[in-house]
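Q: Here you go, one structure.
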Amino acid sequence: FITDIYTRKEQEAALAESRNQLEQHAQELEGKVKERTKELEHLNLGLKSQIRERKLAEAALKESLEEVKKAETEILKALDKEKELNELKSRFISMASHEFRTPLTTILSSADLIGRYTDEESQEKRIKHINRIRNAVQNLTNILNDFLSLEKLESGAISLKLVEFSLKEVYHEIMEGIELTAKPGQQIKTSLAPDLNLIITDQHLLKNICLNLLSNAIKYSPENTTIEFEVSEPEDSLLQIRVKDEGIGIPEKEQSNLFQRFYRAENATNIQGTGLGLNIVKRYLELLKGNITFSSKEGSGTEFIVNFPYRKP
Ligand code: ATP
Ligand code: MG
């Protein structure tokens, strides 16, 4: 029995001992778990910041890619523009070499004839040929001016120059120039609204628009017809230019192409021209924030109407 008790005590002590050991072990384990957790948390934080950095890098990459793309489209656009300008130039050269021939031949033959009219009575004939030369030179100048305007427009070198000026004076200047180029018997009926005088707009563009429309009306109308040229103000601060002729008109199927560069209607091919005038007028009107419309009937005549806003001084 005593031995029995003894053994039992021993057993209890051993039990306590192992419980102790277990507790210690548990504590150690807990410590380790805590440590691991800390390590993991640290790792997690590191990962998170790595992800953040990566996202930033991706965004930066995207941004610089977009910049490269933008630069690319800009370069392509500039190249296109350059190509277009080159095409325009070569097209102009082939057109000019063709269009220059007629006036140059006229000048040469008229100069020849003038040289032969030596007697007094031939004065009338001389004057006729001098006028022919004048017209031919005007023609050449017009072609060159058209081209220069177009090139300037194309390269963006034309901007609005708004100045105050007298519309009456400019109107008379236009008429003085244009009356000289009219065909025999062509009458130009003019009308300028009496209240219109001092205005602020681009004088050069205004003049060019009028000259282009008037020279077309003269060119595409036969002798002994009437051309109407009216400048009015249909609404407050809106200028209207109307040019009407009784000329060859524009075939209906060609009317939609009229403002295209170099476009010339079929019934106009025997008459000198480059097909640039109306394209320039339209682009000038874009600059002036205006518009141009026309109505025409082949064989009976054409009317162009231009509207654009202007400022009062
Ligand atoms: P330019 O560059 O010398 O003015 P163009 O007169 O041929 O040459 P635009 O003024 O642009 O060129 O006119 C384009 C085309 O429109 C003409 O070729 C002609 O067919 C037609 N057109 C223009 N105005 C008239 C008009 N008043 N009557 C008949 N046709 C016209
Ligand atoms: Mg013209």
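The values are calculated or read from the model by the stated rules, or taken from the named source; none is laboratory data. Treat the numbers as computed from the prediction; the structure is a model and nothing was measured. Here the Cβ positions follow ideal geometry from the backbone for every residue, glycine too, while neighbour counts run over all protein chains shown. For accessibility, only protein heavy atoms count, side chains too; no ligands or nucleic acids. Shrake-Rupley method; radii C 1.70, N 1.55, O 1.52, S 1.80 Å.
Q: Mean projection of the alpha-carbon convex hull of segment 115-233 over all orientations, in nm²? Working shown, then result.
A: On the way: hull surface 39.6 nm².
Mean orientational projected area (segment 115-233, Cα hull): 9.9 nm².
Q: Sticking with this one: Taking amide H positions as placed 1.01 Å from N in the peptide plane, with prolines and chain starts having none, which residues 5 or more places from LEU192, or on another chain, fall under 5 Å of its amide H?
A: Correct list: VAL231.
Q: Mind giving me the FRET efficiency for GLU223 and HIS172? R0 is 25 Å, r the Cβ-Cβ distance, nearest 0.05 is fine. All intermediate terms of the calculation are to be shown ahead of the outcome.
A: Working: r = 25 Å, r/R0 = 0.98.
Efficiency at R0 = 25 Å is approximately 0.55.
Q: Run the reach check for LYS38 against lysines, Cα to Cα strictly under 19 Å, same-chain hits fewer than 8 apart removed. What comes back?
A: Correct list for LYS38: LYS48.
Q: Please report, in debye to the nearest 20, how large the charge dipole of the chain is about its Cα centre when each Lys and Arg carries +1 at its beta carbon and each Asp and Glu carries -1 there.
A: Working: 44 positive and 51 negative charges, 95 e Å.
The calculated dipole for the chain is roughly 460 debye.
Q: Further, regarding this structure: Which listed residue (PRO309, THR274, LEU205) has the Cα farthest towards the positive end of the charge dipole for segment 158-313, taking +1 on Lys and Arg C-beta and -1 on Asp and Glu C-beta about the Cα centre?
A: Farthest towards the positive pole: THR274.
Q: Could you state the angle between the C-alpha long axis of helix 277-287 and the longest principal axis of the C-alpha atoms of the chain, as a value from 0 to 90 degrees rounded to the nearest 10?
A: Compared with the principal axis, the helix lies near 50 degrees.
Q: Give, as a single signed number, the net charge of other residues whose beta carbon lies under 15 Å from the beta carbon of TYR284, with Lys and Arg counted +1 and Asp and Glu -1. Please report the intermediate quantities before stating the final value.
A: On the way: positive: LYS152, LYS161, LYS207, ARG261, LYS282, ARG283, LYS289; negative: ASP146, GLU151, GLU154, ASP202, GLU286.
Computed value for this residue: +2.
Q: For segment 81-191, with only Lys/Arg (+1) and Asp/Glu (-1) charged at the beta-carbon, what is the dipole magnitude about the Cα centre, in debye rounded to 20? Intermediate results must be reported in sequence, preceding the final value.
A: Values: 16 positive and 17 negative charges, 51 e Å.
Here segment 81-191 has a charge dipole of around 240 debye.
Q: Rounded if a/c is under 1.5, else prolate if a/b is larger than b/c, else oblate: which is segment 57-176, with a ≥ b ≥ c the root eigenvalues of its Cα gyration tensor? Working shown, then result.
A: On the way: a/c = 9.37, a/b = 2.37, b/c = 3.96.
In terms of gyration-tensor shape, oblate.
Q: Provide the per-residue ³J(HN,Hα) series for segment 162-171, in order, calculated from phi with Karplus coefficients 6.51, -1.76, 1.60 and θ = phi - 60°, each as a whole number of Hz, with x at glycine and proline positions.
A: Rounded to whole hertz, the list is 7, 9, 8, 8, 8, 4, 4, 5, 5, 4.
Q: I'd like to check one number: the per residue accessible area of the chain, probe 1.4 Å, reported in Å² as a whole number.
A: Details: 21180 Å² over 313 residues.
Per residue, the chain has an accessible area of 68 Å².
Q: Distance cut-off 20 Å, Cα to Cα: go down the list LYS207/LYS289; LYS219/LYS297; LYS83/LYS289 and report the pairs above it. Spell out each step's value before the answer.
A: Working: LYS207/LYS289 16 Å; LYS219/LYS297 16 Å; LYS83/LYS289 28 Å.
From LYS207/LYS289; LYS219/LYS297; LYS83/LYS289, over 20 Å: LYS83/LYS289.
Q: Give me the percent of Cα-Cα pairs in segment 231-311 that sit more than 17 Å apart, rounded to a whole number.
A: When every Cα pair of segment 231-311 is considered, 51 percent fall beyond 17 Å.
Q: Give the separation of the Cα centroids, segment 113-173 to segment 1-51, in Å.
A: 110
Q: Using the crude model of +1 on Lys and Arg Cβ and -1 on Asp and Glu Cβ, and no other charge, please compute the dipole size for segment 226-296 relative to its Cα centre, in debye to 20. Before the final figure, lay out each step's value.
A: Values: 8 positive and 11 negative charges, 88 e Å.
Taking the Cα centre of segment 226-296 as origin, the dipole is about 420 debye.
Q: OK, next. What are the aspartates and glutamates whose alpha-carbon lies under 15 Å from the alpha-carbon of LYS9, with same-chain residues fewer than 8 places away excluded?
A: GLU17
Q: Give me the extension gain from LEU43 to LEU196: residue separation times 0.36 nm, minus the current Cα-Cα distance, reported in nm with one decimal. It would help to have the intermediate numbers written out before the result.
A: On the way: separation 153, 0.36 × 153 = 55.08 nm, distance 8.32 nm.
Going from the current span to full extension adds 46.8 nm.
Q: Moving on. Farthest toward the dipole's positive end in the chain, which of LEU47, GLN24, GLN123, given Cβ charges of +1 (Lys, Arg) and -1 (Asp, Glu) about the Cα centre?
A: Value: GLN123.
Q: I would also like to ask the following. What is the projected area of the convex hull of the Cα atoms of segment 29-70, averaged over all directions, in nm²?
A: Values: hull surface 9.5 nm².
Directional mean of the projected Cα hull area for segment 29-70 stands at 2.4 nm².
Q: Compute the Cα gyration tensor for the chain, then decide on rounded, prolate or oblate, letting a ≥ b ≥ c be the square roots of its eigenvalues: rounded whenever a/c is under 1.5, prolate when a/b is larger than b/c in the other cases, and oblate in all that remain.
A: Details: a/c = 5.58, a/b = 3.92, b/c = 1.42.
It comes out prolate by the Cα gyration axes.
Q: Compare GLN186, GLN240, GLN27 in a GNM of the chain, Cα atoms joined below 10 Å, and give the one with the largest fluctuation.
A: Maximum fluctuation in the GNM of the chain, among the listed residues, is at GLN27.
Q: Let me ask another. Once the mean 1/r over all distinct Cα pairs of segment 40-94 is inverted, what Kirkwood radius in angstroms do you read off? Mind showing how you got there, number by number?
A: Values: mean 1/r = 0.0668 Å⁻¹.
One over the average 1/r among Cα pairs gives 15.0 Å for segment 40-94.
Q: How far, in degrees from 0 to 90, does helix 123-154 lean away from the longest principal axis of the Cα atoms of the chain, to the nearest 10?
A: 0
Q: Per DSSP H run of n ≥ 4, the term is -39500 (n - 2.57); total these for the chain, divide by its residue number, and report the mean residue ellipticity at 222 nm rounded to 500 deg cm²/dmol.
A: Numbers: 6 runs with 189 residues, N = 313.
Using -39500 (n - 2.57) per qualifying helix, the result is -22000 deg cm²/dmol.
Q: Taking θ = phi - 60°, what integer Hz values does the Karplus form 6.51 cos²θ - 1.76 cosθ + 1.60 yield along segment 8-18, in sequence order, with x for Gly and Pro?
A: In residue order, the calculated couplings are 4, 4, 4, 4, 4, 4, 4, 4, 4, 4, 5 Hz.
Q: Picking from GLN255, VAL243, PHE229, whose Cα lies most toward the positive end of the charge dipole for segment 195-267 (charges on Cβ: Lys, Arg +1; Asp, Glu -1)?
A: GLN255
Q: Moving on. What number comes out for the charge environment of HIS172, summing +1 per Lys or Arg and -1 per Asp or Glu over other residues with Cβ under 14 Å away? If you can, show how the numbers build up before the last one.
A: Working: positive: LYS168, LYS207; negative: GLU169, GLU173, GLU176, GLU179.
Within the 14 Å Cβ shell, the charges total -2.
Q: Follow-up question, since we're still on this one. For GLN203, what charge total do you get from the other residues with a beta carbon under 12 Å from its beta carbon, if Lys and Arg give +1 and Asp and Glu give -1? Please list the in-between numbers first.
A: On the way: positive: LYS161, LYS207; negative: GLU164, GLU169, GLU173, ASP202.
After counting each charged neighbour, the total is -2.
Q: Can you tell me the FRET efficiency between GLU84 and LEU162 if r is taken as the Cβ-Cβ distance and R0 is 25 Å, rounded to the nearest 0.05? Please list the in-between numbers first.
A: On the way: r = 28 Å, r/R0 = 1.14.
My answer for the efficiency is 0.30.
Q: Express in nm, to one decimal, how much length is gained between SER155 and ASN20 on full extension, taking 0.36 nm for each residue of separation and deducting their alpha carbon distance.
A: Full extension from SER155 to ASN20 adds 39.1 nm.
Q: A further question on this structure: What full-extension length gain, to one decimal in nm, is calculated for ARG134 and LYS55 as 0.36 nm per residue of separation minus the Cα-Cα distance? Numbers along the way, then the final one.
A: Details: separation 79, 0.36 × 79 = 28.44 nm, distance 7.45 nm.
Gain on stretching ARG134 to LYS55: 21.0 nm.
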